[in-house]
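Peer 1: Below is one structure. I have some questions about it.
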Amino acid sequence: MSKKTFVLDTNVLLHDPSCLFRFEEHDIFIPMVVLEELDAAKKGTSEIARNARQVSRFLDDLMQGKKHAQIERGIALPKPGKAPQGGGQKKAVSGKLFFQTRPSEVTLPGNMPGNKPDNSILMTTIALAAELPTRSVILVSKDINLRIKAAIVGAESEDYNNDKVLEDADLLYSGYLELPGDFWQTHGDAMDSWQDALGRACYRIKGPLTKQWYVNQFLYIPDDEDGGLELIVHKVDADAAEAEVRVIRDYRAARTSVWGINAKNREQNYALNLLLDPDIDFVTILGTAGTGKTLLTLAAGLAQVLDEPRYREIIMTRVTVPVGDDIGFLPGTEEEKMTPWMGALMDNLEVLTQPSGGGDWERAATNDLLAKRIKIRSLNFMRGRTFLNRFVIVDEAQNLTAKQMKTLITRCGPGTKMICLGNLGQIDTPYLTETTSGLTYVVDRFQGWIHGGHVTLARGERSRLAAFASDVL
């Protein structure tokens, strides 16, 4: 593959400071106006300001001891293991880093002013392409309008794709798999069975399909709509085409309710099995509005905090991205400031704590108890914290970036279980998409980990109105 030269827009560097080390054998070109925009963005404590300062540090490390003549010839990007700390480099890099050292002597058609930063970057790209007629020069930008302008004036451009976890969100791991109707005929001959210490039926199965399975993936026969044999993968040996599976518990029955809540469909049953398994430390649950993500998680958390108790308390948090216009600063303590963002928590607690019997006194006593065992925390103050023996719920996790998700998950200490809930169809954070969301990132990265599990809830159970709205709107 021939080498290319990529001209980086400012928003790419602000989005991923380590992008400098992700273009492998290709060269990178940074226009002077990009450096000006980085300098303007470095002030403050926002994520963008931190990224701008990180890019400046990377560039400063790369330019240490370099003279002007060396900068003109291009600065060799470091080999694997030699990138500046935080670069996140994994693949071999053999390209060079170039800076704009001369003004562009081209004009843009259609009276497009060259003093605008985007147009200046575009002129630099066109001028560089004229200087390098034998090489492909590509403008990389996350700005859709700039890519449209580039297409109009004949400059090649593309989006920054290195942060995409997968090409299509429909390819995301669902956490469960339908088995073919002839599964037992093709895989049942060499099957072994036994019971584990908890009395659960376990099977060792051999056959070609086992190579496609992941640890903690659920399996079911499509003929059994609600119930029947439902399994979870416990171990997989792809080389031997062998896997160990066990029968899961059915939480649809009234006798197995969790804080008065029963699973209403197959996927909810899978979610409760993950939420109540002490060997699972990290759970991700995806689903559209009304599928029961928060209700199931809260019921499982209360059962393990108040009934067993397995965890000391429930900690609930979410990213504070408003759907409409921001309402401004809120008075009060950290918990009081977060309360308006926790409407989902309050709504589901009302369902869980309003039994058919009992009077106002019983309900008030229950609410006081829950207030002491459920804490609301802000994501803004998570850095440096460590959670011990906590049941941590991250709501609306689709609005987190991959970096924020890593920061949050690494707060978990011994005995802590973290659950990330979200709907990839309701992303409110700018520059995040279904394929770049931090929730998509962790679902993909934790796939097959022995202490992690994932399930996508498919059917809405809130009401017939909510289910119909999710389908047609």
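The values are calculated or read from the model by the stated rules, or taken from the named source; none is laboratory data. Just so it is clear, the structure is predicted and the values come from calculations on it, not from any experiment. A quick note on method: Cβ atoms are made from the backbone with ideal geometry, for glycine too, and the neighbour counts reach across all protein chains shown.
Peer 1: Criterion first (at pLDDT 95 or above and not assigned by TED's automatic domain parsing to the domain that holds residue 451) does residue 233 satisfy it? Full working, then the answer.
Peer 2: Working: at pLDDT 95 or above: yes; not assigned by TED's automatic domain parsing to the domain that holds residue 451: yes.
Against the criterion (at pLDDT 95 or above and not assigned by TED's automatic domain parsing to the domain that holds residue 451), residue 233 qualifies.
Peer 1: With the requirement that a residue be among the charged types (D, E, K, R), under 26 Å from residue 381 (Cα atoms) and not in a helix (DSSP H, G or I), what does the range 38-71 give you? Before you say what the answer is, go through the steps one by one.
Peer 2: First, pick out the residues of the range 38-71 that are among the charged types (D, E, K, R): 39, 42-43, 47, 50, 53, 57, 60-61, 66-67.
Going one step further and asking which of them are under 26 Å from residue 381 (Cα atoms), we end up with 42-43, 47, 50, 53, 57.
Once the filter is applied, which keeps residues that are among the charged types (D, E, K, R), under 26 Å from residue 381 (Cα atoms) and not in a helix (DSSP H, G or I), the range 38-71 yields 42, 43.
Peer 1: Taking the range 193-206, which residues are at pLDDT below 90 and touching a Ser or Thr at 6+ places or on another chain (Cβ under 9 Å)?
Peer 2: Hits for the range 193-206: nothing passes.
Peer 1: Looking at this structure, is residue 55 under 17 Å from residue 140 (Cα atoms), crowded, with 18+ Cβ neighbours inside 10 Å, without any contact (Cβ under 8 Å) to a residue 60 or more places away in the chain and under 30 Å from the mean Cα position of the chain (by Cα)?
Peer 2: yes
Peer 1: While we're looking at this one, here's another question. Scanning for something buried (at least 17 other Cβ atoms within 10 Å of the Cβ) and of a type in the set (Lys, Arg), does the range 207-222 turn up at least one residue?
Peer 2: no
Peer 1: Only one of these is over 29 Å from residue 312 (Cβ atoms), assigned by TED's automatic domain parsing to the domain that holds residue 385 and either surrounded by fewer than 16 Cβ atoms within 10 Å (Cβ to Cβ) or in contact with a Ser or Thr (Cβ under 8 Å, 6 or more places away or on another chain) (or both): 460, 438, 422, 413. Name it.
Peer 2: Values: 438 fails: over 29 Å from residue 312 (Cβ atoms); 422 fails: over 29 Å from residue 312 (Cβ atoms); 413 fails: over 29 Å from residue 312 (Cβ atoms).
Just one listed residue meets the conditions, 460.
Peer 1: If we only count strands (runs of 3 or more DSSP E) wholly inside the range 264-376, which ones have 2 or more residues that are at pLDDT below 85 and closer than 20 Å to residue 397 by Cα?
Peer 2: Filter on the range 264-376 gives 374-376.
Peer 1: Here's something else I'd like to know. Restrict the check to the range 244-251 and report whether at least one residue is touching a helix residue (DSSP H, G or I) at 6+ places or on another chain (Cβ under 8 Å) and surrounded by fewer than 20 Cβ atoms within 10 Å (Cβ to Cβ).
Peer 2: yes
Peer 1: Any idea which of 370, 400 is within 10 Å of the chain's Cα centre (by Cα) and of a type in the set (A, V, I, L, M)? Full working, then the answer.
Peer 2: Values: 370 fails: within 10 Å of the chain's Cα centre (by Cα).
The unique qualifying residue is 400.
Peer 1: Ok, one more. (1) farther than 20 Å from residue 279 by Cβ; (2) hydroxyl-bearing (Ser, Thr, Tyr); (3) surrounded by 15 or more Cβ atoms within 10 Å (Cβ to Cβ): which one isn't true of residue 386, the others all being true?
Peer 2: (3)
Peer 1: Within 28 Å of the chain's Cα centre (by Cα) and farther than 14 Å from residue 17 by Cα: is that true of residue 46 in this structure?
Peer 2: yes
Peer 1: Right, here's the next one. Which one of these does residue 234 not meet: (1) free of Cβ contacts under 8 Å to residues at least 24 places away in the same chain; (2) in a strand (DSSP E or B)?
Peer 2: The one condition residue 234 does not meet is (1).
Peer 1: Could you say which residue among 151, 190 is aliphatic (A, V, I, L, M), in the same structural domain as residue 8 (by TED's automatic domain parsing) and either modelled with pLDDT under 90 or more than 30 Å from residue 71 (Cβ to Cβ) (or both)? Give the steps one after another, and end with the answer.
Peer 2: Values: 190 fails: in the same structural domain as residue 8 (by TED's automatic domain parsing).
Going through 151, 190 in turn, the sole match is 151.
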